[in-house]
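Reviewing the structure listed below.
The values are calculated or read from the model by the stated rules, or taken from the named source; none is laboratory data. All values reported here derive from a predicted model rather than from experimental measurement. Neighbour counts are summed over all protein chains in view; Cβ atoms, including those assigned to glycine, are modelled from backbone coordinates with ideal geometry. Heads up: the accessible areas ignore ligands, DNA and RNA and are worked out on the full protein's heavy atoms, side chains in. Shrake-Rupley method; radii C 1.70, N 1.55, O 1.52, S 1.80 Å.
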Amino acid sequence: LAPLLIELLGTRGALLTVGAVAPVVCLLWWRRLIAIDRSVAVRTDDIILLRQVPMLRPLPVPVIEQLAHGLFRTELGPGEAVFEAGNTGDSFYVVAGGTVRVLDGDRVVRTMGQGQGFGEIALLGNTTRTMTVRAVDHVQLYGISSSDFLPAVTGIREARSAADAAKSAYLT
């Protein structure tokens with residue numbers, strides 16, 4: 001397009017034309033550009049949160065981006081269960097806000113907050129949930145389906161090692 005404009009209008013005319021048309025195009029597309037910018041910012045926040053989880057930290061950027069793209073969000077009130085011991089494991093969860101307690105019966109095993117993940121034991125072991133997880137306060141969780149989580153974590157040696165270490169630590 002540039003050579004054609006230069007041929008028809010000369011260098012100065014081509015520059016003036018492009019200089020006049022470019023702002024108009026930007027104004028016409030402004031809302032869409034802002035929407036794209038906002039969606040990228042949200043995904044950046046999701047990626048930062050996922051990078052806080054030790055077993056996800058070794059994953060390459062494209063894999064983390066893919067996980068961030070597939071996240072589903074869940075909100076729970078105080079006392080609500082994320083899942084109960086014995087349930088089928090279908091997702092890995094990352095705490096985006098609030099606090100959860102991991103319970104073995106009535107005994108509190110650990111308390112988890114923002115940037116901590118749970119639910120890998122059932123997914124990696126292809127078994128039911130070994131513990132119950134309940135919200136302490138208002139909780140925002142990001143979920144990663146097992147169909148996204150397993151290939152990502154088991155496909156990278158360092159991530160698999162971190163996941164196996166977490167699983168062993170929690171089961172002993």
- Item | Two-site label geometry, His69 and Val136: point separation in nm, points 7 Å out along Cα→Cβ | 3.5 nm
- Message: Rounded to the nearest 20 debye, what is the charge dipole size of the chain about its Cα centre when +1 sits on each Lys and Arg Cβ and -1 on each Asp and Glu Cβ?
- Response: 300 debye
- Roughly speaking, to the nearest percent, how much of the chain's 1.4 Å accessible area is carbon and sulfur? 58 percent
- Using a Gaussian network model of the chain with C-alpha springs under 10 Å, which one of Arg12, Arg157, Arg51 is most mobile by mean-square fluctuation? Arg12
- To the nearest 0.05, the calculated FRET efficiency linking Trp29 and Leu8 through their beta-carbon distance, R0 being 25 Å, is 0.50
- For the range 14-172, go through all pairs of different Cα atoms, get the mean of 1/r, take its inverse, and jot down that Kirkwood value in Å. 17.3 Å
- Item | Separation of alpha-carbon centers, the range 42-65 and the range 84-126, rounded to whole Å | 19 Å
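Skip the ligands, DNA and RNA, and give the accessible area per residue of the range 1-145 with a 1.4 Å probe, whole Å².
With all protein chains present, the range 1-145 gives 59 Å² per residue.
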- Note on the structure: Treating every alpha carbon of the range 40-103 as one equal point scatterer without solvent, the Debye formula yields log10 I(q)/I(0) values at q = 0.22, 0.24, 0.30 Å⁻¹ of -1.04, -1.15, -1.40
- Message: Please report, ordered by residue number, every helix of the chain (full DSSP H runs) that is 15 Å or longer along its axis going by C-alpha atoms and whose mean Kyte-Doolittle hydropathy reaches 0.0.
- Response: 2-51
